[in-house]
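Written below as structure tokens is the structure these notes are about.
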Amino acid sequence: MKWASWTNFVLGLWLIVAPFALAYAGVTTAVYEDVVLGILIAALALWRALGAETPGMTSVSWLVAAGGLWVLIAPFVLGYTATTVAVYNDVIVGLAVAILGAWRGLSHGPGEMPHMQTHH
């Protein structure tokens, strides 16, 4: 399941550069939102990817998922829906980060989902 954290790390980095790569750097609100959340998501995902598989680390995954949900709704809450490319980017990336963060939060071991565990 570490791949999910590494994917979220890359998506966080993408959020940092997206306003400049996709040419919406003139939309200040979108830039600040993407850069700040990109740094937060990348840092938390990196911590989760490199950290030990302890029960406490599950909280980090849920923080990443919450960050993804915020990125998903930010264009509508912060009012930059007129910038279509920023909206598409944030909705797609936010949804991916939220799903992967939640998936990682629900896993109980390397590659195991709770319903897949075997009891001896």
If you scan region 21-37, which residues turn out to be in contact (Cβ under 8 Å) with a residue 12 or more places away in the chain, over 15 Å from residue 82 (Cα atoms) and not aliphatic (A, V, I, L, M)? 33, 34
Residue pairs, Cβ under 9 Å, 6 or more apart or interchain, first in region 66-94 and within 17 Å of residue 9 (Cα to Cα), second at pLDDT 95 or above and in a loop (DSSP other than H, G, I, E, B). List them. 89/22; 89/24; 90/80
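The values are calculated or read from the model by the stated rules, or taken from the named source; none is laboratory data. Note that the structure is a prediction, hence the values are computed from the model and not measured. Counting neighbours? That spans all protein chains shown, and the Cβs are built from the backbone with ideal geometry, glycine included.
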